[in-house]
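The block underneath contains the structure these notes are about, expressed in structure tokens.
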Ligand code: SAM
């Protein structure tokens with residue numbers, strides 16, 4: 001490949017040649033900007049000893065750049081119509097493997113072990129389909145995949161939630177989960193005009209660098225995430241009220257007492273709690289299970 005799939009001219013050519021029609025329901029917005037592609041690939045810190053797992057290659061704009069920067073690329077595409085197109089475009093690339101499937105359903109741990117054997121590190125690099133961004137991210141994090149980075153293009157508003165510090169209206173369970181598993185940073189913001197067809201929202205590239213271990217001590221991880229979800233369940237309610245919904249009405253007093261015993265005012269809102277405070281609360285609750 002010539003390295004130009006991600007240009008307006010070549011993308012138009014490929015789409016015309018194969019008679020491809022976009023499926024909005026699959027989040028098909030193809031990137032046609034060499035600068036943005038370079039920023040994504042640079043952020044992933046690839047090299048000949050590294051692997052890149054791509055989710056949703058489309059017609060391969062990013063795949064092609066990854067093939068030049070990494071030792072090996074595996075790209076998972078759900079849309080069956082794109083498989084023969086990708087197979088043909090990447091036939092000359094010995095280090096690219098196209099996988100037909102749903103990224104949400106595949107066993108990614110096994111896929112990584114099989115397709116990237118012998119490589120030093122693997123990163124996920126993707127321009128994600130926006131209708132499933134959060135489930136895909138949560139799966140990548142919760143499955144504890146052996147990844148170095150997750151570099152993803154997402155809606156700008158999701159990027160803000162992923163990287164939000166405590167206290168603001170963007171801070172929610174996604175922010176807590178991201179920070180628990182990784183160190184997040186925004187690489188760049190991306191206008192809607194660099195996609196074909198243009199989506200209705202602007203985007204941003206986010207890089208997550210996975211942590212070797214969580215930044216807080218949590219005795220029961222399932223309890224930690226239950227408490228986090230409960231705390232944000234009704235954003236206008238106090239922590240005490242949201243915890244009561246988790247524990248049951250008969251434990252209202254206890255809910256307030258437990259948070260007070262962690263030095264957390266039960267009248268606060270969930271969105272003001274730091275990771276450390278959520279951990280303290282969850283550890284306390286793990287001693288007094290619901
Ligand atoms: N990577 C290409 C680019 O940057 O131009 C295309 C990105 S497009 C935003 C998202 C791609 O993800 C589409 O090709 C779509 O068919 C694919 N897709 C949607 N849902 C998927 C899923 N659950 N698993 C794998 N791929 C999916």
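The values are calculated or read from the model by the stated rules, or taken from the named source; none is laboratory data. Keep in mind that this is a model prediction, so the values were computed, not measured. We place every Cβ from the backbone using ideal geometry, glycine too, and count neighbours over all the protein chains shown.
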### Task
With the condition kept exactly as written, say whether any residue in segment 245-253 is under 31 Å from the mean Cα position of the chain (by Cα) and modelled with pLDDT of 95 or more.
no
## Note on the structure
Of 258, 239, 247, the only residue that is in contact with a strand residue (DSSP E or B) (Cβ under 7 Å, 6 or more places away or on another chain) and away from the ligand (no atom under 16 Å from the Cβ) is 239
### Message
Quick check on residue 236: is it surrounded by 15 or more Cβ atoms within 10 Å (Cβ to Cβ) and farther than 30 Å from residue 144 by Cα?
### Response
no
### Query
Within segment 187-234, how many residues are over 20 Å from the mean Cα position of the chain (by Cα), in contact (Cβ under 8 Å) with a residue 40 or more places away in the chain and either under 18 Å from residue 170 (Cβ atoms) or within 16 Å of the ligand (Cβ to nearest atom) (or both)?
5
### Residue that is farthest from residue 82 (Cα to Cα), among those in segment 132-156 that are at pLDDT 95 or above and exposed (fewer than 14 other Cβ atoms within 10 Å of the Cβ)
146
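What about residue 166, is it touching a helix residue (DSSP H, G or I) at 6+ places or on another chain (Cβ under 7 Å), modelled with pLDDT of 95 or more and away from the ligand (no atom under 16 Å from the Cβ)?
On the way: touching a helix residue (DSSP H, G or I) at 6+ places or on another chain (Cβ under 7 Å): yes; modelled with pLDDT of 95 or more: no; away from the ligand (no atom under 16 Å from the Cβ): yes.
It is false that residue 166 is touching a helix residue (DSSP H, G or I) at 6+ places or on another chain (Cβ under 7 Å), modelled with pLDDT of 95 or more and away from the ligand (no atom under 16 Å from the Cβ).
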### Query
Can we say residue 19 is closer than 16 Å to residue 194 by Cβ and modelled with pLDDT of 95 or more?
no
### Summary
Within segment 174-186, residues under 9 Å from residue 162 (Cα atoms) and in contact (Cβ under 8 Å) with a residue 40 or more places away in the chain come out as 174, 176, 177, 178, 179
### Task
Scan segment 254-271 for residues that are surrounded by fewer than 21 Cβ atoms within 10 Å (Cβ to Cβ) and either within 23 Å of the chain's Cα centre (by Cα) or on the phi > 0 side of the Ramachandran plot (or both) and report the count.
2
### Summary
Per the filter on segment 128-139, residues without any contact (Cβ under 8 Å) to a residue 40 or more places away in the chain and away from the ligand (no atom under 12 Å from the Cβ) are 138
